[in-house]
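*Asks:* Submitted below is the structure of interest, expressed as structure tokens.
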Amino acid sequence: MQTVIRKKEPAINTIIGEKTTIAGNLHLEGDIIIYGKITGDIETDGTITIFSGAELKSNLNGLHLNIGGHVEGNINATGKVTLGDRAYLRGDIKAAQIVIEDGAVFEGRCEMHFTPPHEFIKPPEPIKPATTESSSS
């Protein structure tokens, strides 16, 4: 009998329904999908997906962010941020990759950052002391 080891799939741990309103900060593990209204910051190690019709007054911190609704607040992602064609964002973005689709509204600043894995970072070359040759006459 062959044993198959599968990589753990990311799980959607939280879904905020269309008629749900939350006032307060959310700290969670895994992915979250939002259809409703939230006033408060969201922090996760997974993906935050905000659908059209959702309204957030929140600072968002996550791995990836997919925005299709209305967001007022700053975004920080270690991966990719995508503003869909129905997205409205008033706030700043910090992410490794940023995608803004045609039709999205974005009012703010964006900063892209990338930290390569350690194996790709070359150590600096050592500084060699200057050599002087002396001639004896």
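Throughout, read-outs are computed from the coordinates displayed, never taken from laboratory work. All of these numbers come straight from a predicted model, not from anything done at the bench. FYI the Cβ positions are ideal-geometry reconstructions off the backbone, even for glycines, and counts take in every protein chain you see.
*Asks:* Near L56, within a Cβ-to-Cβ distance under 12 Å, what is the net charge of the other residues, with Lys and Arg +1 and Asp and Glu -1? Write down the numbers at each step before the final one.
*Replies:* On the way: positive: K37, K57, R90; negative: D41, E55, E72.
Summing Lys/Arg as +1 and Asp/Glu as -1 gives 0.
*Asks:* Determine the sum of side-chain charges near D45: Lys and Arg each +1, Asp and Glu each -1, restricted to other residues whose C-beta is under 11 angstrom from that of D45. Mind showing how you got there, number by number?
*Replies:* Values: positive: none; negative: E29, D31, E43.
Value of the local net charge: -3.
*Asks:* Using the Cα gyration tensor of the range 18-117, with a ≥ b ≥ c the square roots of its eigenvalues, what is the shape: rounded (a/c below 1.5), prolate (a/b larger than b/c) or oblate (neither)?
*Replies:* On the way: a/c = 1.74, a/b = 1.21, b/c = 1.44.
It is oblate, given that a/c is not under 1.5 and a/b is not larger than b/c.
*Asks:* Now, a different point. Let me check I've understood the local charge: for H70, count other residues with C-beta under 14 angstrom from its C-beta, Lys and Arg +1, Asp and Glu -1. What total comes out? Before the final figure, lay out each step's value.
*Replies:* Numbers: positive: K37, K57, R86, R90; negative: E18, E55, E72, D85, E107.
Local net charge: -1.
*Asks:* Oh, and also: Amide H neighbours of D41 under 5 Å, at least 5 residues apart or on other chains, H built in the peptide plane: list them.
*Replies:* Here the answer is N25, L26, N59, since their amide H atoms fall under 5 Å of that of D41.
*Asks:* Among I32, Y88, V99, whose Cα lies farthest out toward the positive end of the dipole of the range 18-117, if unit charges sit on the beta carbon of Lys, Arg (+1) and Asp, Glu (-1)?
*Replies:* Y88
*Asks:* For a quick check: with amide H placed at 1.01 Å from N, whose amide H comes under 5 Å from I93's, ignoring anything fewer than 5 positions away on the same chain?
*Replies:* I75, R109, C110, E111
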